[in-house]
1. Would you check if there is a residue in segment 257-268 being at pLDDT 95 or above, open to solvent by 30 Å² or more (accessible area, probe 1.4 Å) and more than 14 Å from the chain's Cα centre (by Cα)?
2. Looking at segment 88-114, which of its residues are part of a strand (DSSP E or B) and of a type in the set (Gly, Ala, Ser)?
3. Out of the residues in segment 201-251 that are in contact with a Ser or Thr (Cβ under 7 Å, 6 or more places away or on another chain), outside any helix (DSSP H, G or I) and hydrophobic (A, V, I, L, M, F, W, C), which is most open to solvent (accessible area, probe 1.4 Å)?
4. Check every one of the strands (runs of 3 or more DSSP E) wholly within segment 1-79 and list those with 2 or more residues that are open to solvent by less than 50 Å² (accessible area, probe 1.4 Å).
5. Can you go through Ala140, Ala151 and tell me which one is surrounded by 12 or more Cβ atoms within 10 Å (Cβ to Cβ), within 27 Å of the chain's Cα centre (by Cα) and assigned to a loop (DSSP other than H, G, I, E, B)?
6. Tell me whether segment 154-167 contains one or more residues that are farther than 30 Å from Ala241 by Cα and in a helix (DSSP H, G or I).
7. Could you tell me whether segment 124-135 includes any residue that is assigned to a loop (DSSP other than H, G, I, E, B), on the phi < 0 side of the Ramachandran plot, surrounded by fewer than 20 Cβ atoms within 10 Å (Cβ to Cβ) and out of contact with any helix residue (DSSP H, G or I) (no Cβ under 7 Å at 6 or more places or on another chain)?
8. Restricting the first residue to segment 204-219 and requiring it to be over 20 Å from Pro159 (Cβ atoms), which pairs with a second residue that is open to solvent by 90 Å² or more (accessible area, probe 1.4 Å) and modelled with pLDDT of 95 or more meet a Cβ separation below 9 Å and a spacing of at least six or different chains?
Amino acid sequence: MTSHIHHVTVDCVDAYELGSFWAQVLGGALADDDFPGDPEALLETPGAALLFVTVPDKKQTKNRVHLDVQPQDRTRDEEVERLLALGATLVADHRKPNGRGWVTLADPEGNEFCVECGAAERAALTGRRLPVTADDVTEAVRLTVDALAAAADADWRVPAGTLRWDCWETAEHLSDDLFAYAVQLGPRTPLLETEVPYRWAPQRDGGPWNAVFADPEAGTAGLLQTLEASGALLSAMVRTAAPDVRSYHGYGVSDPEGFAAMGVVETLVHAHDIASGLGVSWEPPAALCDRVLARLFPEAPDDADRWAVLLWSTGRGDLPGRERVTSWKWHGAPLEDGPQD
C-alpha cells in the first residue's frame, strides 16, 4: 500500500486573499464555497491542488518546501513580469546568459517559489523536440468536435473525403481508435504482442472494424459525445501511465507519448476526411502538427507548412517537388529505442 498527496497545504494570514493570488498564477478558481474571511480556501488545477489555511503565526524564515512553476503559453521572462504585476516580489534572479536558469519570487505573504522555462522554451534552448502530451490529445479532440458540430444538421452519410466510409462511420472509427489506444495502456501488465482482446467487427461489409459504436438514435450530438468521451479516456491514460510503460501497436510497441501522438494524428486527419465530406473548414494548429510529426514521422520534410506535411505523410495531400505518398505508416516505437522495422 502507498500514500498519495491529496493537496499541498499553505499556512497563511489570509487564506482567501492568498488563494486568490495563486488562482491568478495558475489560471484556476477557488472552490465555490470559499469566501473572503473564510479560514480555508481550496484551489484545484490540473497540475496541483493547494489548500490555504489561516493561522495566527506569520512566516518567519525561508520555506523548506517551495513550488516550481512553468508557464504554458509564454516565456519564463514574460511570466515573471506577469507575476510581478499580480503582486509577487523578486527574491533572487538565477537566469543565465544562455537562456537557462530560473527566477525566485515570493507571493504576497512571502512564500518563495521559482519560475522556470516552460516545455516549449526548454525544447528551443536544448534543440530537443517538444513531446506530445495528454493536453495535446484533449486539444485535438476539442477542436475537432467544435469544428464538426457546425455541420451537425448535415447529411453525415456522405463519403468522408476519399475514404470508403461515410462521415458517420469515420467519426465512429475515430472514436474507436482513441478508445483502443487508451485501453492498450490499461492492464497492469500491458500486452506486448497483441491488442487487448475486445471484439472488433464491422456493421456492414467494407465498414470499419470497431469495438465502439455510437447509438444512431442519439444523432450527431451523441456521435460527437462518444468522440469526446474516447478522447478523454486516452488523455487520462496518457497522463497517468508511467513513461516507461510499453504496449503493443501494429506499427511498433509504443509508449504513452506514442499513443498520444497516434491519437492526435488519427483525430486531425480523420477530422480532415469528415470536414471534406461535410464542406467544413478545417486546419489544425501548426505547432500541434509539428509535435506529432516529430514523434511519429521523424523523416518528414521540415521545410514546409506543417499541416500540409502531415496530410502528405498520411497520403492525403501533395507537396511540391515530392511524390505523393501512397503507402505509409508511422514510427510507433519510442524514438530512443532505435530504428523501427
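1. Filtering segment 257-268 down to residues at pLDDT 95 or above leaves 257-268.
In the following step, the residues that additionally are open to solvent by 30 Å² or more (accessible area, probe 1.4 Å) were identified as 257.
Checking which are more than 14 Å from the chain's Cα centre (by Cα) leaves us with none.
For segment 257-268, residues at pLDDT 95 or above, open to solvent by 30 Å² or more (accessible area, probe 1.4 Å) and more than 14 Å from the chain's Cα centre (by Cα): absent.
2. Residues of segment 88-114 part of a strand (DSSP E or B): 89-93, 103-106, 112-114.
Ala92, Ala106, listed by residue number.
3. So, considering only residues that are in contact with a Ser or Thr (Cβ under 7 Å, 6 or more places away or on another chain), outside any helix (DSSP H, G or I) and hydrophobic (A, V, I, L, M, F, W, C), the one most open to solvent (accessible area, probe 1.4 Å) is Val212.
4. Values: elements: 8-12, 40-44, 49-54, 67-69.
Counting at least 2 such residues, we get 8-12, 40-44, 49-54.
5. Details: Ala140 fails: assigned to a loop (DSSP other than H, G, I, E, B).
Matching residue, one of Ala140, Ala151: Ala151.
6. Here is the first cut: in segment 154-167, the ones farther than 30 Å from Ala241 by Cα are 154-167.
In the following step, the residues that additionally are in a helix (DSSP H, G or I) were identified as 167.
The answer is yes; a qualifying residue exists.
7. Going residue by residue through segment 124-135, those that are assigned to a loop (DSSP other than H, G, I, E, B) are 127-133.
After this cut, where a residue has to be on the phi < 0 side of the Ramachandran plot as well, the list is 128-133.
Of the ones still in play, those that are also surrounded by fewer than 20 Cβ atoms within 10 Å (Cβ to Cβ) are 128-131, 133.
Now narrow it down to the ones that are out of contact with any helix residue (DSSP H, G or I) (no Cβ under 7 Å at 6 or more places or on another chain): 128.
Yes.
8. Ala211/Tyr198; Ala211/Arg199; Val212/Tyr198; Ala218/Gln225
The values are calculated or read from the model by the stated rules, or taken from the named source; none is laboratory data. In this text, all values refer to a predicted model and were calculated from it rather than measured experimentally. Cβ sites come from the backbone with ideal geometry, for glycine too, and all protein chains shown count toward neighbours. Heavy atoms of the whole protein, side chains included, go into the accessibility calculation; ligands, DNA and RNA do not. Shrake-Rupley method; radii C 1.70, N 1.55, O 1.52, S 1.80 Å.
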